[in-house]
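> If you scroll down you'll find the structure; I have some questions about it.
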Amino acid sequence: MAHYLTVGKVALLVFVAFFLGSVPFGLLFARLFGKQDPREVGSGNVGATNVARAAGKLAGALTLVLDTAKGYLPVILAWGWLKSPDYVALVGLFAILGHCYSPFLGFKGGKGVATGLGVYLALSPLAVLIAAVVFGLIIWRFRYVSLASLSAAWVMVPLIYLVQKSPLLTLFTAIIALLITWRHRANIQRLLRGEEPRFF
């Protein structure tokens, strides 16, 4: 009986995480501020960086905060309800999938970085702190948000293993890093061609 209750809880939390992750805050803020549709500007992404380009810094900052919250809130809820880092990581993965493949946007969406940040703020704040230093150094040196995001996503894999000591959680982190890399494939091509726009 306890097993079926756990499965039911996981299924419910996965659904909630995917639904919450799929809310396109970037598009909503761009419309609220009466600016351009971010899908028609720059990279065409609805994440914070491109929303800042399309609708201004305030819209970008609000998008960053709420896209991060989309990952943080379901994971915190899962921690309190499930008590298992492995199940919690699955919930976090579905929050990121919802952000990347939102049914509200025709199963398109963002690149998963801010929502992933929220997931790992709940799972391992220490690992996030170290990854944030890597992110900041790359932004400072190269001014490419995409490159900094990819670097932070991949450095999280060994960090999660070292901090959390969980092989399954590390596997989920590698899957998330692969997903973020896939979502950045156009950015990677532009980086290789020297055509990626710098943020500052």
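The values are calculated or read from the model by the stated rules, or taken from the named source; none is laboratory data. This one's a predicted model, so the numbers in the text were calculated from it and none came from an experiment. A quick note on method: Cβ atoms are made from the backbone with ideal geometry, for glycine too, and the neighbour counts reach across all protein chains shown.
> Kindly indicate the residue of the stretch 101-112 that is closer than 22 Å to Leu12 by Cα and buried (at least 21 other Cβ atoms within 10 Å of the Cβ) and also nearest to the chain's Cα centre (by Cα) among those meeting that condition.
We begin by selecting, within the stretch 101-112, every residue closer than 22 Å to Leu12 by Cα; these are 101-104, 107, 112.
Of the ones still in play, those that are also buried (at least 21 other Cβ atoms within 10 Å of the Cβ) are 102, 112.
Values: Ser102: 13, Gly112: 3 Å.
The selected residue is Gly112.
Yes/no matrix, rows are residues, columns are (1) more than 13 Å from the chain's Cα centre (by Cα); (2) under 23 Å from Ser22 (Cβ atoms); (3) in contact (Cβ under 8 Å) with a residue 12 or more places away in the chain; (4) not in a loop (DSSP other than H, G, I, E, B):
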| site | (1), (2), (3), (4) |
| --- | --- |
| Ile130 | yes, no, yes, yes |
| Val134 | yes, no, yes, yes |
| Leu178 | no, yes, no, yes |
| Phe199 | yes, no, yes, no |
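> Something else about it: Given Leu150, Leu169, Leu126, Leu159, which one is closer than 22 Å to Gly194 by Cβ and among the aliphatic types (A, V, I, L, M)?
Details: Leu169 fails: closer than 22 Å to Gly194 by Cβ; Leu126 fails: closer than 22 Å to Gly194 by Cβ; Leu159 fails: closer than 22 Å to Gly194 by Cβ.
The unique qualifying residue is Leu150.
> Can you tell me how many residues within the stretch 116-165 are in contact with a Gly (Cβ under 9 Å, 6 or more places away or on another chain) and closer than 17 Å to Asp86 by Cα?
8
> Okay, next question. Being modelled with pLDDT under 90 and part of a helix (DSSP H, G or I), is that true of even one residue in the stretch 13-25?
In the first step, residues of the stretch 13-25 are kept if they are modelled with pLDDT under 90; the result is none.
For the stretch 13-25, residues modelled with pLDDT under 90 and part of a helix (DSSP H, G or I): absent.
> Could you list all residues from the stretch 42-66 that are part of a loop (DSSP other than H, G, I, E, B) and over 19 Å from Ser102 (Cα atoms)? Give the derivation first.
Going through the stretch 42-66, the residues part of a loop (DSSP other than H, G, I, E, B) turn out to be 42-47, 56.
Scanning the stretch 42-66 gives Gly42, Gly56.
> Conditions: (1) touching a helix residue (DSSP H, G or I) at 6+ places or on another chain (Cβ under 8 Å); (2) under 22 Å from Leu93 (Cβ atoms); (3) at pLDDT below 95. Val145 meets all but one. Number of the miss?
(2)
> Quick check on the stretch 74-84. Is at least one of its residues assigned to a helix (DSSP H, G or I) and under 17 Å from Lys111 (Cβ atoms)?
Going residue by residue through the stretch 74-84, those that are assigned to a helix (DSSP H, G or I) are 74-82.
Among the residues that remain, those that are also under 17 Å from Lys111 (Cβ atoms) are: none.
Taking every residue of the stretch 74-84 in turn, none turns out to be assigned to a helix (DSSP H, G or I) and under 17 Å from Lys111 (Cβ atoms).
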